[in-house]
Structure formats: structure tokens, C-alpha cells
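Please treat every number below as a calculation from the coordinates, not as lab data. Please read these numbers as outputs of a predicted model, since none were measured by experiment. When we count neighbours, we look across all protein chains shown, and the Cβ atoms used for this are built from the backbone with ideal geometry, even at glycine.
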Amino acid sequence: MNRLSLSEIVSLAEQENRSLSGLIKERESADTGVSIEELTDKMKKMYEIMLEVYQQGVESDNRSVSGLTGGEGWRLMKYIHDAKSGGIYAEAAARAMGISNINASMGRIVAAPTAGSCGIIPGCLITLAREHGKSSDEVVDCLFTAAYIGKVIAENASLSGAEGGCQAECGSAAAMAAGAGVELCGGTPKQVSHAVAFALKAVMGLVCDPVAGLVESPCIKRNGFGAVQALLSVDMALAGIESVIPADEVILAMNEVGRVMPVSMKETAEGGIAAAPTGRKIAEYLQNSGACCPKRYK
């Protein structure tokens, strides 16, 4: 059985002069027996949740259950508005972190592709849609492209931080966002694949090292960086820059890196910044007290 690849569907889209999302919707409908209309309605509901959660995340100081993090998205968006500085890259980061804040405070989010990376795709695509005047329907179409990219990564590597490190979570989310963002901005299918390669290569080997085992630090800020990374990958691809290594090969390389990555660097909270002195103090404090007072870790 042949495994999924980006190159195959990119070639087909170019041969038929069609969008990737159009082909992907047809394939998904044929594979699942669900009509394109039903699939689209389901994706619309997901995008509506993304829009709702991003607003919550940037409009209030949402604290996490542990008290370790909170308000990062709100603070950055407030700074952008007050200082009139930062541009769309900072806005994308603010939206991504705001959504991740909602996740840490146990709100409703869309795992895209995971809860730990939930802010990157919406942070990138909502920002591009606002910047370029794209409709919700156009974004929804491109979310099918993002989903297919994630499906290819899942089949040939991993989307799990516990299996492949944060390169497999935030890296995959950035790759999905970058590919979808290129299509949203009118890029070609081949440019979509280049953007995917750029985004993944940028974080090759990134470890998963959540402090105290919580999806908060450094996860929330990595969502912000992931959205920026996705936007830059979009711009690079649209500028005509090409990846020397094809996206499918980059995905396989990521899988190999994840396979040899030490267990301590894969969501176990035993390595990286989770093992830093302050990281260990935070974990011990939370374990022993259950309290929410991060200033007392110092």
C-alpha cells in the first residue's frame, strides 16, 4: 500500500489546474462516504470555534488552572494596539498565544492538530484572512489543505510530542498553517509544499519539555513563535524561494530525528527547561501544594 505524500497530490493538482483543497475535499468525501457539503459544514463549525476562542484569548487575562501562565495573548495584543507596533507577525503570535491560553484554562478549543499546538493554525490563518480580506469560506477551504498536510505527517512521521518531540506538535502545526496560508494567499500547489518544508525545517529537532508536565511553559509561547514561523514560511514560498529538500523528505527526516530523540526530551518533563532548577522547583511546588501561586516558586 502506498503511503500518502504531498508530492502526489501536488502533481495532480498542477496537472488538472485545480486547488489542493478542492481535490482534498473530493478525496475525503470518497473515502468517508460523507458529502462535501457535510464535510464543509463540519469544518465551518471548527473555524467558528477558532474565531470565538481567539477573541476570548486576546480580550481577557485568562489564567491557567495551575496559575503558572496566563494572559500572554492578551498582553501582546494590548501592546500592539497601544504602541501601534508589531505588525501582522506580532498579531499572529498574540492570537496563537491567546488561543493557547484558553486551552491552559480548560476552555473549548480545536486541537489543530493537538491541544498543545492549538493556536498556531488559527493564529496564522485568521491573521492572513484579516490582512488580505479573505472570507470565512475561503479560510474553511484552506483548512482542508491544512488537514491533509497533517494527515501526511501523521502517516509518515508523527503529530505527537510524546513520540516525536515538539517538532512533531508545534512543528507540524506550523507546517499545516504555512501550507494552508499559501493557498489562502493564492499560491500554487508547489509553493504550498515548499512552505511546509520551510516550517518543518525551522524546528527540526525541537524537544518537548513542558515544565511540571503541563501544556503551558514553554508551550504557549511556542504557539506564538509557531504562528510567526508559519507566516514567514508563507511569505518565503510566495516570494518564489524553494526548499532544496522536498517536503516529503523533510517529513521523513523529522520522523528519524524523533525516533532517535531521547525519551527525556519527549513530553516526559525530564529534560530541557523542565529540568532547569526553576522548572524542577515549579514541579515540586505544584505537586506538593496544588496551589496556584507561581511567584512562590522563586
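Could you tally the net charge around Ser233, taking each other residue with its Cβ under 13 Å from the Cβ of Ser233, Lys/Arg +1 and Asp/Glu -1?
Details: positive: Lys201; negative: Glu183, Asp235, Glu242.
The answer is -2.
Looking at the chain as a GNM with Cα springs under 10 Å, which of Val65, Val196, Val34 has the largest mean-square fluctuation?
Looking only at Val65, Val196, Val34, the biggest GNM fluctuation is shown by Val34.
Any aspartates and glutamates with Cα under 15 Å of the Lys78 Cα? List them, leaving off those in the same chain fewer than 8 positions away.
Partners found: Glu59, Asp61, Glu91.
What is the percent of Cα-Cα separations in the stretch 102-148 that go past 18 Å? Mind dumping the intermediate values first?
Values: 351 of 1081 pairs.
It works out to 32 percent of all Cα pairs.
For Leu76, what charge total do you get from the other residues with a beta carbon under 13 Å from its beta carbon, if Lys and Arg give +1 and Asp and Glu give -1? Could the numbers behind the result be given before it?
Numbers: positive: Arg75, Lys78, Arg95, Lys221; negative: Glu59, Asp61, Glu72, Asp82, Glu91.
Summing Lys/Arg as +1 and Asp/Glu as -1 gives -1.
Pick from Thr69, Thr32, Thr145: which residue has the top mean-square fluctuation in a GNM of the chain where Cα pairs under 10 Å get a spring?
Comparing Thr69, Thr32, Thr145 in the GNM, the peak value goes to Thr32.
Under 12 Å from the Cβ of Thr268, count the other residues' Cβ atoms, weight Lys and Arg +1, Asp and Glu -1, and hand me the total.
Here the charged neighbours net out to -3.
Among Tyr79, Tyr47, Tyr148, determine the one that fluctuates most according to a GNM of the chain built with springs between C-alpha atoms less than 10 Å apart.
Ranking Tyr79, Tyr47, Tyr148 by mean-square fluctuation puts Tyr79 first.
Semi-axes of the equivalent ellipsoid of the chain: what are they in whole Å, largest first, if each equals the square root of 5 times a C-alpha gyration tensor eigenvalue?
32, 22, 17
In terms of the Cα gyration tensor, with a ≥ b ≥ c the square roots of its eigenvalues, is the stretch 191-270 rounded because a/c is under 1.5, prolate because a/b exceeds b/c, or oblate?
Verdict is oblate for the stretch 191-270.
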